[in-house]
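Student: Here it is: the structure, laid out below.
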Amino acid sequence: MSFNNLRQKLNNSVIQKLSDAVVSVKGNSFNGIFTREYIETHGFTGYKPILKCLAEDSKMICLDDKILIDNVEYIARERQPDGYGWIIFMLELNDGS
Amino acid sequence: MDHRAMQVIAAFVSRITGLQSTGNRVYLNRTYEIEEDTRTAINVMLGEETPQGEFGFSSMDRIDNVLEIIAEIRVRSSGDSIDSIILQIRKEMHIALMSWVQSQTYPLGLDFVYMLYPAGTGNPEIESVSEKPTAKIETLWKVHYRHSILDPSI
């Protein structure tokens, strides 16, 4: 098995076993790993929403696209490919404010 | 009776509490974090104080001081609306603090204060590491006031 095939198998296994969010964007749905870590900026408490998903699943997502994760809408503000088949999206809450 | 600088800063906080944009979210030396659903706030801090002129003596029994007050505006909103919110807060704060000019009363309603004016604003610091971008900007105010050479509370 080539290294690429092995990596793909590993990534698929990770998303299958560890995904904790259903992501909907532009009429497509796929599984992702969503974290919302506590953070403080300029004296405000808050959270840092990050979506990690397979590059293959998320290739239709462009910057500033709206993404629905577990019925909460976010905007994709940064796209960080890790070079190993994963894309990390830095998200902004889209609550109209 | 408090030090007159304390009376000044308390009156300053009181004057900018209740603005349309920030409501009662005006803090004095807020070092703790502000709740996540808060969108706007003002944190007021004591700045430098220097005697006016070489010694600050207006007579043998009085000292004239220039007290700096820093009002730090904090905003959490989408990036494209942060500037307009900051400027709206600055506008409301300015009108509230400078009304003494038109009404020809003592600044901040204190009879030992004889001048209050805006003395500059810094650059907004904007970060987007949270769910919504956040910004803070310092606005500087100068207050000229007088106190006794023997006791700064009178």
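Read the figures in this text as sums done on the coordinates, not as results from a lab. All figures in this text were calculated on a predicted structure; none of them were measured in a lab. Counting neighbours? That spans all protein chains shown, and the Cβs are built from the backbone with ideal geometry, glycine included.
Student: Relative contact order, percent, of chain B when contacts are C-alpha pairs under 8 Å separated by at least 6 residues?
Tutor: Reported relative contact order: 27 percent.
Student: Debye sum, Cα scatterers, chain B, no solvent: what log₁₀ I/I(0) at q = 0.14 1/Å?
Tutor: At q = 0.14 Å⁻¹ the computed log10 ratios are -0.71.
Student: Simple spin-label model, 7 Å along Cα-to-Cβ: A:Ile88 to B:Gln20 in nm?
Tutor: Each label point is offset 7 Å from its Cα along the Cβ direction, giving 4.3 nm.
Student: Follow-up. In nm², what is the average projected area of the convex hull enclosing the Cα atoms of the protein assembly as shown?
Tutor: 18.1
Student: So who's got an amide H within less than 5 Å of the one on B:Arg25, skipping anything under 5 residues away but keeping other chains? H placed 1.01 Å off N, in plane.
Tutor: Placed amide hydrogens put B:Gly18 under 5 Å from B:Arg25.
Student: To the nearest 0.05, what FRET efficiency results for A:Val72 and B:Ser153 with a Förster distance of 51 Å applied to their C-beta separation?
Tutor: 0.45
Student: Also: Run the numbers on chain A and let me know its relative contact order in percent, using alpha-carbon pairs under 8 Å that are six or more apart.
Tutor: It comes to 23 percent, rounded to a whole number.
Student: What residue among B:Ser77, B:Ser14, B:Ser103 has the largest mean-square fluctuation in a Gaussian network model of chain B, using Cα springs under 10 Å?
Tutor: Residue with maximal mean-square fluctuation among B:Ser77, B:Ser14, B:Ser103: B:Ser103.
Student: Of all GluC sites (Glu not before Pro) in the range B:4-75, which ones are in loop regions per DSSP and have a Cβ with at most 11 other Cβ atoms within 10 Å?
Tutor: Taking the range B:4-75 and a limit of 11 other Cβ atoms within 10 Å, the loop GluC sites (Glu not before Pro) found are B:Glu35, B:Glu54.
Student: Still on this structure: Report, as an integer, the average count of C-beta atoms from other chains found within 10 Å of each Cβ along B:123-131.
Tutor: Counting other chains' Cβ atoms within 10 Å and averaging over B:123-131 gives 5.
Student: Return an integer: the convex hull volume of the alpha-carbon atoms of chain A, in Å³ per residue.
Tutor: Taking the convex hull of the Cα positions in chain A, it is 108 Å³ per residue.
Student: Right, here's the next one. Report, in deg cm²/dmol and to the nearest 500, the calculated mean residue ellipticity at 222 nm for chain B, where each DSSP H run with n ≥ 4 adds -39500 (n - 2.57) and the sum is divided by the residue count.
Tutor: Taking each H run of at least 4 residues, the total per residue is -7500 deg cm²/dmol.
Student: So, in nm, how far is label A:Glu37 from label B:Met6 when the simple model puts each one 7 Å beyond its Cα toward the Cβ?
Tutor: About 4.2 nm, to one decimal.
Student: If R0 is 22 Å, what FRET efficiency do you get for A:Asp65 and A:Gln16 from their C-beta distance, rounded to 0.05?
Tutor: For A:Asp65 and A:Gln16, the calculated efficiency is 0.35.
Student: Work out the mean other chain Cβ neighbour count within 10 Å for the residues of A:31-41 and drop it here as an integer.
Tutor: 3
Student: Report, by chain and number, residues whose modeled amide H sits under 5 Å from the one on A:Asp65, excluding near sequence neighbours (fewer than 5 apart, same chain).
Tutor: A:Ala76
Student: Enumerate by residue number the GluC sites (Glu not before Pro) in the range A:9-97 meeting two conditions: DSSP loop (anything except H, G, I, E, B), and at most 15 other Cβ atoms within 10 Å of the site's Cβ.
Tutor: Listed in order of number, the matching sites are A:Glu56.
Student: Which of A:Lys26/A:Lys59; A:Lys17/A:Lys52; A:Lys48/B:Lys91; A:Lys59/B:Lys132; A:Lys9/A:Lys66 have a Cα-Cα distance over 22 Å?
Tutor: Those over the limit are A:Lys48/B:Lys91; A:Lys59/B:Lys132; A:Lys9/A:Lys66.
Student: Can you give the net charge of the other residues whose Cβ lies under 9 Å from the Cβ of A:Arg77, counting K and R as +1 and D and E as -1?
Tutor: Once all neighbours under 9 Å are counted, the net charge is -2.
Student: Let me ask something else about it. 5 Å is the cut-off here: which amide hydrogens, built 1.01 Å from N in the peptide plane, fall below it relative to A:Ala55, excluding neighbours closer than 5 in sequence?
Tutor: Amide H neighbours of A:Ala55: A:Trp86, A:Ile87.
Student: By how many degrees, between 0 and 90 and to the nearest 10, does the Cα long axis of helix B:4-16 differ from the longest principal axis of chain B?
Tutor: 40
Student: Can you give me the angle between helix A:3-18 and the longest principal axis of chain A, using Cα atoms only, in degrees from 0 to 90, rounded to the nearest 10?
Tutor: Relative to chain A, helix A:3-18 is tipped by roughly 50 degrees.
Student: Continuing with this model, one more query. If each DSSP helix of 4+ residues adds -39,500 (n - 2.57) and the sum is divided by the residues in chain A, what number results at 222 nm, nearest 500 deg cm²/dmol?
Tutor: So the helix-based figure for chain A works out to -5500 deg cm²/dmol.
Student: Would you mind computing, in nm to one decimal, how far apart the modelled labels at B:Gln104 and B:Glu127 are, each placed 7 Å from Cα along Cα→Cβ?
Tutor: Output for this residue pair reads 4.9 nm.
Student: Which of these, B:Leu108, B:Leu116, B:Leu28, has the largest mean-square fluctuation under a Gaussian network model of chain B (Cα springs below 10 Å)?
Tutor: With Cα springs under 10 Å in chain B, the top fluctuation among B:Leu108, B:Leu116, B:Leu28 is at B:Leu28.
Student: Mind checking the angle between helix B:82-103 and chain B's longest principal axis? C-alpha axes, 0 to 90 degrees, to the nearest 10.
Tutor: 30
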